[in-house]
Amino acid sequence: MFLPAPTFETVVASTPLVAIDLVVENPQGEVLLGERTNRPAQGYWFVPGGRIQKNEAIKDAFVRLCREELGLSLAYEKACFIGPYEHFYADSIFNEVSTHYVVLAFKIKAQLTLNTLPAAQHGDYAWFSPYQLLQHQRVHPHTKCYFSEVKSSTTM
């Protein structure tokens, strides 16, 4: 269930949001990142993902997000749970309102054609090796924490 903007702004300002991040790895070991067009993390390279909706089971949200974000029909059981993380942002879709996400990160393996991926949240897509993404200045630190041996202070 998507909320009307005024209600959602109150939620964002008042509570953490629960989300799923999809760490997609191709057969070559590269990771799919999209360049975000929306706040928070606008302009950064980030893994695909999205919020879990009210009354939506994690399993159902995973299947929906794979379909919406990647165009994939993928069973929840095909994913590997990486772990829970916390993401804090100074802004949000509502500009100055900060955002706090509790994120469940899942790794999946898939070969995707970049020009067929949805453009709703990301203006461009690219495959990065883990080494490349850790070195790249515009890959968001919250994405880098999935590949760093030392977890950042924003992980649980």
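Somewhere in region 73-90, is a residue under 17 Å from Ala120 (Cα atoms) and of a type outside the set (A, V, I, L, M)? It would help to see each step written out before you state the result.
Step one: list which residues in region 73-90 are under 17 Å from Ala120 (Cα atoms), which gives none.
Scanning region 73-90, I find no residue that is under 17 Å from Ala120 (Cα atoms) and of a type outside the set (A, V, I, L, M), so the answer is no.
One residue stands out among those in region 48-71 that are in contact with a strand residue (DSSP E or B) (Cβ under 7 Å, 6 or more places away or on another chain) and more than 15 Å from Ala120 (Cβ to Cβ): the one that is surrounded by the most Cβ atoms within 10 Å (Cβ to Cβ), which is Phe62. Hey, among the residues in region 31-47 that are touching a His at 6+ places or on another chain (Cβ under 9 Å) and assigned to a strand (DSSP E or B), which one's surrounded by the most Cβ atoms within 10 Å (Cβ to Cβ)? Filtering region 31-47 for residues that are touching a His at 6+ places or on another chain (Cβ under 9 Å) and assigned to a strand (DSSP E or B), the one surrounded by the most Cβ atoms within 10 Å (Cβ to Cβ) comes out as Leu33. Under the condition of being polar (S, T, N, Q) and in contact with a strand residue (DSSP E or B) (Cβ under 6 Å, 6 or more places away or on another chain), the residues counted in region 77-97 number 1.
Consider Ala110 carefully, then state whether it is over 16 Å from Gln121 (Cβ atoms), among the small types (Gly, Ala, Ser) and touching a strand residue (DSSP E or B) at 6+ places or on another chain (Cβ under 6 Å).
Working: over 16 Å from Gln121 (Cβ atoms): yes; among the small types (Gly, Ala, Ser): yes; touching a strand residue (DSSP E or B) at 6+ places or on another chain (Cβ under 6 Å): yes.
Judged against the criteria, Ala110 is a match.
Taking residues in region 69-80 that are farther than 18 Å from Ala57 by Cβ, and partners anywhere that are open to solvent by less than 40 Å² (accessible area, probe 1.4 Å) and β-branched (Val, Ile, Thr), the pairs with Cβ atoms closer than 7 Å and at least 6 places apart or on different chains are Leu70/Val24.
A search for C-beta distances below 6 Å between a residue of region 5-30 that is among the acidic types (Asp, Glu) and assigned to a helix (DSSP H, G or I) and any residue that is surrounded by 15 or more Cβ atoms within 10 Å (Cβ to Cβ) and modelled with pLDDT under 95, counting only pairs 6+ apart in sequence or on different chains, returns Glu9/Phe94. Condition (residue is touching a His at 6+ places or on another chain (Cβ under 8 Å) and not hydroxyl-bearing (Ser, Thr, Tyr)) applied to region 104-124: is it met by at least one residue? Checked against the condition, which is being touching a His at 6+ places or on another chain (Cβ under 8 Å) and not hydroxyl-bearing (Ser, Thr, Tyr), region 104-124 yields no hits at all.
How many residues does region 98-140 hold that are in a helix (DSSP H, G or I) and open to solvent by 80 Å² or more (accessible area, probe 1.4 Å)?
Initial filter on region 98-140 (in a helix (DSSP H, G or I)): 114-116, 130-135.
Those left that are additionally open to solvent by 80 Å² or more (accessible area, probe 1.4 Å): 115-116, 131-132, 135.
Number of matching residues: 5.
For Leu74, are the conditions met, namely being surrounded by 14 or more Cβ atoms within 10 Å (Cβ to Cβ), touching a strand residue (DSSP E or B) at 6+ places or on another chain (Cβ under 8 Å) and not in a strand (DSSP E or B)?
Details: surrounded by 14 or more Cβ atoms within 10 Å (Cβ to Cβ): yes; touching a strand residue (DSSP E or B) at 6+ places or on another chain (Cβ under 8 Å): yes; not in a strand (DSSP E or B): yes.
Against the criterion (surrounded by 14 or more Cβ atoms within 10 Å (Cβ to Cβ), touching a strand residue (DSSP E or B) at 6+ places or on another chain (Cβ under 8 Å) and not in a strand (DSSP E or B)), Leu74 qualifies.
The values are calculated or read from the model by the stated rules, or taken from the named source; none is laboratory data. These figures come from a predicted structure and were not determined experimentally. All Cβ positions, even for glycine, are placed from backbone atoms using ideal geometry, and neighbour counts span all protein chains on display. Accessible surface areas use protein heavy atoms only, side chains included; no ligands, DNA or RNA. Shrake-Rupley method; radii C 1.70, N 1.55, O 1.52, S 1.80 Å.
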